[in-house]
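Worksheet: one structure, shown below.
All of the numbers you see were taken from the coordinates with simple rules; none came from a lab. These figures come from a predicted structure and were not determined experimentally. Neighbour counts are summed over all protein chains in view; Cβ atoms, including those assigned to glycine, are modelled from backbone coordinates with ideal geometry.
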């Protein structure tokens, strides 16, 4: 029987081994950002930190921990709200003049791109986003937060104000030792293609979204 999202979030992982691999300035439409690439030496995945301002030793830093979504962010799929949430986070960070976006390579809530597309096919058969994962044999949410916690520690961020609608993300980070001083609502507009997806996140995954 698949575990719930909360149980999966709290799963214990060995301490990640991260290498601060590369960094440079990155001009964006949201302003000049510092781009730092962290390499996970165990998996080979490269995770990214984008920030502006002096974040070392910062308290209550405006922060988004965002999981990769190739279909939404690159191909502009309308099935989810991932691209809009990433854009909103980068805009908020740029406007604040101090903030951080962690871009985590955890496609499809951790099941990978191919399995995500398989789950989309199940959704076409009538399953919602939760049951599509379960019928394929996956937990509701396989994302992990120890790597994000390690990145925050390497960047010397002391505590964060987390842009998220997902209380389990707050719990997952706190379980890894991250101090979350505030959860900041991070809502984007729904439309006909993602309304059912967002409703499932609200009713079955506990996301704090307006009806």
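By the count of other C-beta atoms within 10 Å, a proxy for reagent exposure, 152, 162 are ordered fewest to most as 162, 152.
What do you get for Rg/Rh of region 5-204 when both radii come from the Cα atoms and Rh is the Kirkwood radius? Each step should come with its number before you reach the end.
On the way: Rg = 16.4 Å, Rh = 17.3 Å.
With Rg and the Kirkwood Rh in hand, the quotient comes to 0.95.
Relative contact order of region 10-125: 24 percent, from C-alpha pairs under 8 Å at least 6 residues apart in sequence. Peptides 111-118, 122-129, ordered by how many other C-beta atoms sit within 10 Å of their residues on average, highest first, read 111-118, 122-129.
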